[in-house]
Structures are given as structure tokens and as C-alpha cells.
Protein chains: 2
Amino acid sequence: MANASAKNGNGARNDKARIWGGIDLGGTKIEAVIVDARGDVLGRARHPTPPTGGPGEVVKELYGTLGEAAQSVGIEPGKLAGVGVGVPGSVDANKGTLSHTANVAGGWDAPYPLASDLGDLVGGKVMLGNDVQVAVAAEYKLGAGRGHRSVLGVWWGTGVGGGLVLNGVPWRGQGSAGEIGHMVVKPNGARCGCGRRGCLEAYAGRACMERKARSAAKKGEKTLLFDIMRDKKRTRLSSSVWASALKQKDPLATRLIERAIEMMGVAIASVINLLDLEAVVIGGGLGSRLGPLYMGHLQDAMHPHLFITERKPAMRIAELGDLSGAIGAALLAGPQM
Amino acid sequence: MANASAKNGNGARNDKARIWGGIDLGGTKIEAVIVDARGDVLGRARHPTPPTGGPGEVVKELYGTLGEAAQSVGIEPGKLAGVGVGVPGSVDANKGTLSHTANVAGGWDAPYPLASDLGDLVGGKVMLGNDVQVAVAAEYKLGAGRGHRSVLGVWWGTGVGGGLVLNGVPWRGQGSAGEIGHMVVKPNGARCGCGRRGCLEAYAGRACMERKARSAAKKGEKTLLFDIMRDKKRTRLSSSVWASALKQKDPLATRLIERAIEMMGVAIASVINLLDLEAVVIGGGLGSRLGPLYMGHLQDAMHPHLFITERKPAMRIAELGDLSGAIGAALLAGPQM
């Protein structure tokens, strides 16, 4: 990312403004921001993600959302110094392709040249990055990770994603690093959405916890979770549903969240023992909502497993909220900080 | 390490030869090598580690072993362009101190300035590194890791150590990275030598496997392990004892080694899912001896846990043998490759 930003920042032609666009492509919404050289958000827009239509529809809607954000600060998208996009799925940053994305516009498997297609519409180069990796990079530079050289980000939501910044540089491995959600916390353990057993996500991912809650309710276990869900007019156990149930001390919700926290403690401690990092940032829908209440519990779950007991990592909650992905995407494209 | 070598290599005064010294400090032996700029071993020596006497005795013996190796190629230690030492325990590379070492000369806890003390005897700067980390760096540059940019080294012996090279640079974290042996593979699992439960080392470390074997034998389980140990005039279940018992299809030895392999598969797969590395190098006493026979089994244990199934890491067995630590230590001090 460092190289990419240097190239774009320095290579910006004179007719370009010193502002950048960032887009976060999610399963239900597209979030776009316009940032200045310090990463401050000047404008923003949000559109729903097209539910069907494949990559072509997605590219159109990405451009529409970016255009609206740019318009809100009175600039043409073509005048932006650079544009970055954070996407869920497997990214080849060099080729600018996105593949294996299940939750967007019906999904597609083969690598699709999203960066060049969007770049044609924007009239400039577009950088592509993994959504969680760019959000963690944003927290590292502008948010909860500030002041630490090495950071693990744990994005706790429908799934459990992760991102690493090592000595100031995002670590992407061969493109897919950060899958802390698929570290094995219990061999032959609970079934995960990925088809394997015993992954962290099988215990802590919201989708897997919901499956477990539904099966417990079916077996007759009493819980407020689904009443709260209906009261809130939801069809899924959203973060706010879990938060309400916990507040009302619902036993099933409490048990499942505590199991999730225990397993997150195991996985995070294992990462710290392996990488000896300075700080951990907890983000994502569940992380942002439950983090403040459960941070002490998470530390209690982690600490017994730490090998270097006298050096515990700093634990922080993400600060940039819903915009971390879009801001991180903008950072891919250039602001020099 | 890159900085350190650049400084030492370039800063070498003209009266220094273009050869370097490397010392591997082990619990039972000290191994010293003299290498040229390509890392080729020109001379070597081996002394027993002083069983008592603390750091002072250790420094004297390190110097004695280095001196003998240097003499074998007809050079004074003071003429070496640089000297590196790989040590077991907690290293502060910048300060050149070693602390928390249990198995050397009676052991010591407080940080001891080993680098400057040895440097005074040698008459030059001495670099300090963790023994496993430097051995992995040596395999990366000169051995089984050649041609890969990112490598996990797993050193399987009395304990289970690890080292990481990420995009060509050893990753040391805050000084203690690489403790794959203390990643949790089973919460509330087997008791580890570190006092915790469920660490990889509790299943795969030779010391923990021996404890388990002794307790099984005590309970009446039949095994050849201790007969073989006595035949070989050992007091411990060494790697060669395990290898003989496996060859004779001893059921207890087979079961414990297979359990170790299963758990190594779990931990290594978790690391690959987190870091998306190109290659894994298996070294250490047990790793070098059993690796060739068990590599297929280890892959079978790993692969079901890999998240990116179409990209399996290359699996290699360490190539530099007993000298990897000493050669890696020499690399700390300077040869530019």
C-alpha cells in the first residue's frame, strides 16, 4: 500500500485536486467518502448494494455513490487525485480483480476486473483492497491504532475478519492474510460457515451464533432473542438485537456471547504469542457495539494464554465507526500521512 | 537484522577479514562456525555448555569455542568482520542482553549484557539473536526456504519453537515473536511445560511427550521406549529413541507422535490462515529426524484446516542441520547476500 500511495500521490496530475475518494463495498450498502490529505472526511454518501445483477451493476452503483459523495463537496469524480475501494472477498491488488464474493449482487467466483472497470468510469486509476484490511489500516493511521507500530485488527460481525499492520506496513501475505476467524480454536469443534470445524468464526461469528440460537430455541430453550428481533422488525439477529438481549440478561444470549468471547481470547492470545504485537483493535458491528462492555471480559479470556505475561498488548476499540472501511479505501489511493 | 548487517558489513575496518563468526548457544553444547560472504562454512568448533557458573562462565566458553573455530582457519577472532550469537531465551537485540534462560549454566532471569561482554573479549561488535529465529533466517537465505519470500519455521525438539521471515525480513515483534509452540490448539487441554494448558508444545514438545510416556508406562501401558532409551545409554527419550520406537511400531510412541503431528497440523494451518505464507520449514531435532517420514502425515493433518484450499504452502525440511543456528548467528553479523 505504501508503494501504491506514493505512486498515486506523486503522480497526480496538476488538474487533480488534493482530495481522494474511498468506497466501502458491503453486502447491503455502499459507503463512499471524500477525504483530504490528513484523512479528514469532507463528504460522504451511502447507497444500497444492488441485490442482483453481478459485477456490472456493482460497478455502476459504486460510481453512483462516489459521484454523490464528490458532488456533496462540489467536485467531479474525475478531479479526485485517486480512488480506492475496499471489497469483501479475495482481492488481487496488483491486477485489481475481485473474486469469491458471495454476498454482493448475487455473488461471483471468477476474478472480475473491478478496478479497471470503475477506473474507466472515474477517468483515473482505482486501487482495490480487502475491506477488513483497509479498515484496520485506517484505524492504524487515524484511529484506535495510532501510536502503535504493530497492530492486529479483529473485525467482529457476521463473520470474524482480521487485518495486520506490522511495523507500519499492512501485511497481506499472498493477498489473503488476516483470516483470524478461520484459525482453529478447537479441533473437531463447532461447524463453521466455511464448512470446516472448530474455527473461531464458528463460535464468534454472528451468523454462526444465530444458527446456534435458532437451534437452541427450536429445542425449547427459552430466549428473548427472537422476540426482540421481531420487535425491532428485523429478520436476523443483528448486533442491536444481541445487545438488547444481553441488557435484559437473556441466558441464551449471555451464554453464546461469553462462549464467543472465550474463543476470541484464545485466538487473539495465540496471535500475540506468534507475532508479539503491540496492540489489538476490536471493530466490526458486534465489536463496536459490545466492545466497551466486554473488553474486560475479553482481556480476562486472553491473559491466561499469553506466553510473555509481563507484556500484554494494548486493547482498543475501533474509533472510526462505519466509515473505517471507506476511509481506509481512500488511504489506498494516496493521502500521504 | 537487515540494518544491523548493513551497518556491520559496511563499517568493517580495513584490517578486518571478509569472514564472520557465528555461535549457537545451546543447553548442552556451544557450536561455532566461521563463514565467508556467501555463508559457506570455512571452519567450526564445538564445546560443551558449562553446566553451572552463570553468564560469566558462558561468555568465556563462547569465546573459547569461537577462538577454536577461528584458529581452524588460521585467523584471530579479532580479525573477524563481525560476530553473531544465537541464544535460547528472551533477547533484547538492541541492548544485546539475554534474560529468562533456564537451560544454560544454571540459568538466569535478569537481562545480562552478553553481547558487550563477549564483544570486549573478541575486540569487536557482537550481535545477539534468538536461536530459533536465526536458524530460520539461515534456512530462508541458504537452506530449505530459498526462493520463498515468506516462511514459517517450526523447530520441533524438546520444545516447539518458531521463526518468521516476512517478505525477506525476519519478524521479531517486540523481540519475542515466533512462539508457535505456545499457540493454543485445545482450550483447557494438556498441561504444558510453561504452566498453561492446551499449547501446541504440550502435545508436540519432546519433553511433554516424554512426561506423557512415563505416566502411561507407570500406569502399565506396554512400550519399548524406555528399553530403547537404556540400550542407547540415554537418560531421556531423545529423537533417536523416538525414531527407533516408531520403526518398531511401538503403539505408545506411534500414538503420541501422531497426536503431536495432528496438533502441529492444526497450529500450522492456523498460522497460514492468519499470515498467508508461501512456505513452511520444519527443523529441530525431532523435525529433522522424523520430518522425511512424517511430512505427508503432517500435510494430511494441516490441509483440512486451510481456509484458502487452492493455495497450500510449500512444506520443506530444514537443510542446514545442526549448524543452522550457528550459521544464522553469523548472518546476524554481516555477510551480504
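The values are calculated or read from the model by the stated rules, or taken from the named source; none is laboratory data. These numbers come from a predicted model, not from an experiment. Glycine gets a Cβ as well: all are built from the backbone with ideal geometry, and neighbour counts include every protein chain shown.
Regarding B:Val59, is this residue among the aliphatic types (A, V, I, L, M) and not in a helix (DSSP H, G or I)?
no
Consider A:Ala253 against the criteria (1) surrounded by 20 or more Cβ atoms within 10 Å (Cβ to Cβ); (2) over 21 Å from the mean Cα position of the chain (by Cα); (3) away from every other protein chain (no Cβ under 14 Å); (4) without any contact (Cβ under 8 Å) to a residue 40 or more places away in the chain: it satisfies all of them except one. Which criterion is unmet?
(4)
Just to be sure I understand, how many residues within region B:61-73 are more than 15 Å from B:Leu98 (Cβ to Cβ), out of contact with any helix residue (DSSP H, G or I) (no Cβ under 6 Å at 6 or more places or on another chain) and not small (Gly, Ala, Ser)?
Qualifying residue count, region B:61-73: 4.
Has region A:232-247 got any residue that is under 25 Å from A:Val184 (Cβ atoms), at pLDDT 95 or above and within 13 Å of chain B (Cβ to nearest Cβ)?
Checked against the condition, which is being under 25 Å from A:Val184 (Cβ atoms), at pLDDT 95 or above and within 13 Å of chain B (Cβ to nearest Cβ), region A:232-247 yields no hits at all.
Please go through region B:304-325 and pick out each residue that is outside any loop (DSSP other than H, G, I, E, B) and either among the hydrophobic types (A, V, I, L, M, F, W, C) or within 11 Å of chain A (Cβ to nearest Cβ) (or both).
The answer is B:Pro304, B:His305, B:Ala314, B:Met315, B:Ile317, B:Leu323.
Enumerate the strands (runs of 3 or more DSSP E) found wholly within region A:141-188, keeping only those where 1 or more residues are over 14 Å from A:Ala279 (Cα atoms) and within 10 Å of chain B (Cβ to nearest Cβ).
Passing ranges, in order: A:169-171.
Any idea which of A:Gly296, A:Gly328 is more than 14 Å from chain B (Cβ to nearest Cβ) and crowded, with 24+ Cβ neighbours inside 10 Å?
After ruling out the rest, the residue left standing is A:Gly328.
Please tell me if B:Val169 is over 14 Å from the mean Cα position of the chain (by Cα) and not assigned by TED's automatic domain parsing to the domain that holds B:His100.
So B:Val169 passes the test.
What single numbered condition from (1) without any contact (Cβ under 8 Å) to a residue 24 or more places away in the chain; (2) closer than 21 Å to A:Ile19 by Cα; (3) among the hydroxyl-bearing types (Ser, Thr, Tyr) fails to hold for A:Thr65?
(1)
Return the only residue of A:Val126, A:Val104, A:Val122, A:Val87 being in the same structural domain as A:Gly22 (by TED's automatic domain parsing), within 14 Å of the chain's Cα centre (by Cα) and β-branched (Val, Ile, Thr).
Exactly one of A:Val126, A:Val104, A:Val122, A:Val87 is in the same structural domain as A:Gly22 (by TED's automatic domain parsing), within 14 Å of the chain's Cα centre (by Cα) and β-branched (Val, Ile, Thr), namely A:Val87.
Test of understanding: among A:Glu139, A:Glu61, A:Glu76, which residue is crowded, with 16+ Cβ neighbours inside 10 Å, charged (D, E, K, R) and either touching a Phe, Trp or Tyr at 6+ places or on another chain (Cβ under 7 Å) or over 21 Å from A:Gly321 (Cα atoms) (or both)?
A:Glu61
Restricted to region A:212-249, and to residues that are without any contact (Cβ under 8 Å) to a residue 12 or more places away in the chain and among the hydroxyl-bearing types (Ser, Thr, Tyr), which residue is farthest from A:Ile261 (Cα to Cα)?
Per the criteria, the residue is A:Thr235.
Of B:Gly39, B:Gly43, B:Gly64, B:Gly27, which residue is outside any strand (DSSP E or B), of a type outside the set (D, E, K, R) and more than 19 Å from the chain's Cα centre (by Cα)?
Unique residue meeting the criteria: B:Gly64.
Take region B:143-157 and flag every residue that is surrounded by fewer than 23 Cβ atoms within 10 Å (Cβ to Cβ) and at negative phi.
Correct list: B:Arg146, B:His148, B:Arg149, B:Gly157.
Take the residues in region B:189-208 that are assigned to a loop (DSSP other than H, G, I, E, B) and in contact (Cβ under 8 Å) with a residue 24 or more places away in the chain; name whichever of them is nearest to B:Gly265 (Cα to Cα).
Across region B:189-208, the extreme among qualifying residues is B:Gly205.
Take the residues in region B:94-117 that are within 18 Å of A:Glu310 (Cα to Cα) and free of Cβ contacts under 8 Å to residues at least 12 places away in the same chain, then tell me which one is surrounded by the most Cβ atoms within 10 Å (Cβ to Cβ).
Looking at residues that are within 18 Å of A:Glu310 (Cα to Cα) and free of Cβ contacts under 8 Å to residues at least 12 places away in the same chain, I get B:His100.
Among the residues that make up region B:190-210, is at least one of them hydroxyl-bearing (Ser, Thr, Tyr) and more than 14 Å from chain A (Cβ to nearest Cβ)?
Among the residues of region B:190-210, not one is hydroxyl-bearing (Ser, Thr, Tyr) and more than 14 Å from chain A (Cβ to nearest Cβ), which makes the answer no.
Test each condition in (1) among the hydroxyl-bearing types (Ser, Thr, Tyr); (2) surrounded by 24 or more Cβ atoms within 10 Å (Cβ to Cβ); (3) modelled with pLDDT under 95 for B:Ser176 and report the one that comes out false.
Tallying (1) among the hydroxyl-bearing types (Ser, Thr, Tyr); (2) surrounded by 24 or more Cβ atoms within 10 Å (Cβ to Cβ); (3) modelled with pLDDT under 95, B:Ser176 fails exactly one: (2).
Return yes or no: is B:Ala333 surrounded by 24 or more Cβ atoms within 10 Å (Cβ to Cβ) and at pLDDT below 95?
yes
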